[in-house]
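Student: One structure, as structure tokens, below. Some questions next.
The values are calculated or read from the model by the stated rules, or taken from the named source; none is laboratory data. Just so it is clear, the model here is predicted, and its values are computed rather than measured. Methodologically, a virtual Cβ is constructed for each residue, glycine included, from the backbone with ideal geometry; neighbour enumeration extends over all protein chains shown.
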Amino acid sequence: MDTDMNKYVTLVAIAFGVALCSLPGCKPYEEEGISLPGAPTASISWSFIEAVDSLGQAAGIDSNRIEFAAADVEGAFLQLWDFGNGETSDKQLDTAYYPVEGDYNVSYSVHTSGGMGLASETISIDQTLELPCAGTLALLTGCDDLKSWKLSNEAGAISVGPDPYSTEWYASPADGHTDWQVDDRYQFTEDGVYLYNNNGSTMNPFDGYVETEMIVEPTTYFLTEGTGISGEDQISLSPFSENLCGFMGVWDSGPVYDILEITENRLVIHGPIQTGDCQQAEGWFTLIFVMDS
């Protein structure tokens, strides 16, 4: 077929298509848009844990420990609990410990390609769990004879690394602390109060490691057994105020610390780097304290 004939056939086809689309109900072809999934629906449930005695026999309801569960969400790639007691979790099913009576706001978020779903509950704990001052609690607090901790002056008392237990990014030299770090003291009462006495000022890592005058009010803490990364006992600090996250040793650490070593006179902890508003950043601190004699 020659070129003129090709042009003729093409023109006829176009004209035929135009004629057809002039008929009632004729619509031009349109490619359908991409259908995106919507945000997921988050749903959570909780219940007090059934307690067992030393022989493994049922011993009634443990009204200070709660099991939380999130419903399955198709395509979920990230989920996060905030249990309202200073502890978080990225597991679908987990437990939380509430030794002090009160109301706790629990939140859960789940992420899929369609967005984020949120769910929340308010948990009421009716009783404060009275525990004997023994073991780790006694070593940390001193019980009736309140202990006071301070940063050790040994080399590596403040060290930083990219992962838990690592220290390769930085290690402080011996006697390398500033005066306004040397006079800081940290105390834990056996009934859950955390006291940070900075004697007027604190090392500020967010403005170039300078001295910043500030008054830090007491807050609370939780000591939980075996909840650390490798099964260590763990300290969880509550915020000092709405704009000041709980920390120990250095301002940009915490608010959760695993106890790596504790004796009558020595305390070694590690915890994540944080941004000052309880948001975790990359890296981990290891901090060494000694009892203030």
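Student: Test A134 against the criterion of being over 20 Å from the mean Cα position of the chain (by Cα) and without any contact (Cβ under 8 Å) to a residue 12 or more places away in the chain, and give yes or no.
Tutor: Details: over 20 Å from the mean Cα position of the chain (by Cα): yes; without any contact (Cβ under 8 Å) to a residue 12 or more places away in the chain: yes.
In short, yes.
Student: Here's something else I'd like to know. Inspect region 261-276 for any residue being in the same structural domain as L139 (by TED's automatic domain parsing), out of contact with any Pro (no Cβ under 9 Å at 6 or more places or on another chain), farther than 17 Å from A96 by Cα and modelled with pLDDT under 95 and give the result as yes or no. Give the derivation first.
Tutor: Just the residues of region 261-276 that are in the same structural domain as L139 (by TED's automatic domain parsing), to begin with: 261-276.
Within this subset, residues satisfying the condition of being out of contact with any Pro (no Cβ under 9 Å at 6 or more places or on another chain) are 261-269, 273, 275.
Right, trim to farther than 17 Å from A96 by Cα and you get 261-269, 273, 275.
From what's left, modelled with pLDDT under 95: 275.
Yes; the residues of region 261-276 include at least one that is in the same structural domain as L139 (by TED's automatic domain parsing), out of contact with any Pro (no Cβ under 9 Å at 6 or more places or on another chain), farther than 17 Å from A96 by Cα and modelled with pLDDT under 95.
Student: Output the number of the condition that E264 fails; it satisfies all remaining conditions of (1) outside any strand (DSSP E or B); (2) more than 17 Å from G135 (Cα to Cα); (3) not aromatic (F, W, Y).
Tutor: Condition not satisfied by E264: (2).
Student: Okay, moving on. Please indicate, with yes or no, whether at least one residue in region 116-125 is part of a loop (DSSP other than H, G, I, E, B) and farther than 27 Å from G271 by Cα.
Tutor: Of all residues in region 116-125, those part of a loop (DSSP other than H, G, I, E, B) come to none.
No, because not a single residue in region 116-125 is part of a loop (DSSP other than H, G, I, E, B) and farther than 27 Å from G271 by Cα.
Student: Which is more than 17 Å from the chain's Cα centre (by Cα), surrounded by fewer than 19 Cβ atoms within 10 Å (Cβ to Cβ) and either not β-branched (V, I, T) or not assigned by TED's automatic domain parsing to the domain that holds T141 (or both), of G249, G161? Give the derivation first.
Tutor: On the way: G249 fails: surrounded by fewer than 19 Cβ atoms within 10 Å (Cβ to Cβ).
So the residue among G249, G161 that is more than 17 Å from the chain's Cα centre (by Cα), surrounded by fewer than 19 Cβ atoms within 10 Å (Cβ to Cβ) and either not β-branched (V, I, T) or not assigned by TED's automatic domain parsing to the domain that holds T141 (or both) is G161.
Student: Quick check on my filter: what residues within region 126-155 are in a loop (DSSP other than H, G, I, E, B) and closer than 30 Å to A171 by Cβ? Write out each step before concluding.
Tutor: Taking region 126-155 as the starting set, the residues that turn out to be in a loop (DSSP other than H, G, I, E, B) are 126-134, 142-148, 152-155.
Those that are in a loop (DSSP other than H, G, I, E, B) and closer than 30 Å to A171 by Cβ: G142, K147, S148, S152, N153, E154, A155.
Student: Could we say that P28 is at pLDDT 90 or above and assigned to a loop (DSSP other than H, G, I, E, B) here?
Tutor: Working: at pLDDT 90 or above: no; assigned to a loop (DSSP other than H, G, I, E, B): yes.
Spelling it out, it is not the case that P28 is at pLDDT 90 or above and assigned to a loop (DSSP other than H, G, I, E, B).
Student: Quick one: how many residues across region 163-191 are closer than 21 Å to L223 by Cβ and of a type in the set (D, E, K, R)?
Tutor: Taking region 163-191 and keeping what is closer than 21 Å to L223 by Cβ, we get 164-165, 184-191.
Right, trim to of a type in the set (D, E, K, R) and you get 184-185, 190-191.
The qualifying residues number 4.
Student: For region 180-190, name all the residues that are modelled with pLDDT of 95 or more and either in contact with a Cys (Cβ under 8 Å, 6 or more places away or on another chain) or of a type outside the set (K, R) (or both). Explain how you work it out, then say what you get.
Tutor: Going through region 180-190, the residues modelled with pLDDT of 95 or more turn out to be 181-189.
Across region 180-190, the qualifying residues are Q181, V182, D183, D184, Y186, Q187, F188, T189.
Student: While we're here: Let me spell it out: the conditions are (1) in a strand (DSSP E or B); (2) touching a Ser or Thr at 6+ places or on another chain (Cβ under 9 Å); (3) touching a residue at least 60 places away in the same chain (Cβ under 8 Å); (4) surrounded by fewer than 18 Cβ atoms within 10 Å (Cβ to Cβ), and V100 meets all of them except one. Which number is the exception?
Tutor: V100 satisfies all of (1) in a strand (DSSP E or B); (2) touching a Ser or Thr at 6+ places or on another chain (Cβ under 9 Å); (3) touching a residue at least 60 places away in the same chain (Cβ under 8 Å); (4) surrounded by fewer than 18 Cβ atoms within 10 Å (Cβ to Cβ) except (1).
Student: OK, next. For the structure I just gave you, tell me whether T220 is free of Cβ contacts under 8 Å to residues at least 24 places away in the same chain, in the same structural domain as Y186 (by TED's automatic domain parsing) and in a strand (DSSP E or B). Reasoning before the result, please.
Tutor: Details: free of Cβ contacts under 8 Å to residues at least 24 places away in the same chain: no; in the same structural domain as Y186 (by TED's automatic domain parsing): yes; in a strand (DSSP E or B): yes.
No; evaluated as a whole, the condition is false for this residue.
Student: Can you work out which of the residues in region 253-267 that are surrounded by fewer than 21 Cβ atoms within 10 Å (Cβ to Cβ) and of a type outside the set (V, I, T) is nearest to P162 (Cα to Cα)? Lay out the reasoning, then the answer.
Tutor: At the first step, the residues of region 253-267 found to be surrounded by fewer than 21 Cβ atoms within 10 Å (Cβ to Cβ) are 259-266.
Filter again for of a type outside the set (V, I, T), leaving 260-261, 264-266.
Values: L260: 17, E261: 20, E264: 30, N265: 28, R266: 24 Å.
Among them, the one singled out is L260.
Student: Find the strands (runs of 3 or more DSSP E) located wholly in region 173-213 whose residues include 2 or more that are crowded, with 16+ Cβ neighbours inside 10 Å and touching a residue at least 12 places away in the same chain (Cβ under 8 Å), and list them. Working first, answer last.
Tutor: Details: elements: 185-188, 193-197, 201-204, 210-213.
Filter on region 173-213 gives 185-188, 193-197, 201-204.
Student: Sticking with this one: P239 is checked against (1) within 27 Å of L146 (Cα to Cα); (2) of a type outside the set (V, I, T); (3) touching a helix residue (DSSP H, G or I) at 6+ places or on another chain (Cβ under 9 Å) and fails just one. What number does that condition carry?
Tutor: It fails just one condition, (3).
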